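**Student:** A single structure is presented below for examination.
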Amino acid sequence: MTPEMVLDIGREAGEVILLLAAPPLLTGLIVGLAISLLQAATQIQEMTLTFIPKLIAVGGSLILAGHWMLALITEYIIRLYESIPALIG
């Protein structure tokens, strides 16, 4: 196993991690921004107001993108397992 192989595996793992983290994080970011704008406009400064909508939105994004996320990680793991003989030998 060469250092280039290790770097390629690490780079690919990083890409998969970013793709898996993007849907819930971006959803939480967008909902949080919308709620903070609403709070600024109405001057309601309740900390718990942001929690429930974010929780529902992130849960919804996981439901909607869950199939794609599961397929992505499964494909990556299968490719990684299939490449073990080439990495060893």
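The values are calculated or read from the model by the stated rules, or taken from the named source; none is laboratory data. All of these numbers come straight from a predicted model, not from anything done at the bench. Note that each Cβ is placed from the backbone with ideal geometry, even for glycine, and that neighbours are counted across all protein chains shown.
**Student:** Does Ala57 qualify as being under 30 Å from Leu80 (Cα atoms) and at pLDDT 95 or above?
**Tutor:** no
**Student:** Right, next: So is Gln39 on the phi > 0 side of the Ramachandran plot and of a type in the set (S, T, N, Q) or not?
**Tutor:** It is false that Gln39 is on the phi > 0 side of the Ramachandran plot and of a type in the set (S, T, N, Q).
**Student:** For a quick check of your reading: which helices (runs of 4 or more DSSP H) sit entirely within the chain and have at least 3 residues that are touching a helix residue (DSSP H, G or I) at 6+ places or on another chain (Cβ under 6 Å) and surrounded by 12 or more Cβ atoms within 10 Å (Cβ to Cβ)?
**Tutor:** 3-42, 48-82
**Student:** Within segment 34-76, can you find the residues that are over 27 Å from Ala13 (Cα atoms) and touching a residue at least 12 places away in the same chain (Cβ under 8 Å)?
**Tutor:** Listed by number, the residues that qualify are Ile35, Ser36, Leu49, Thr50, Pro53, Lys54.
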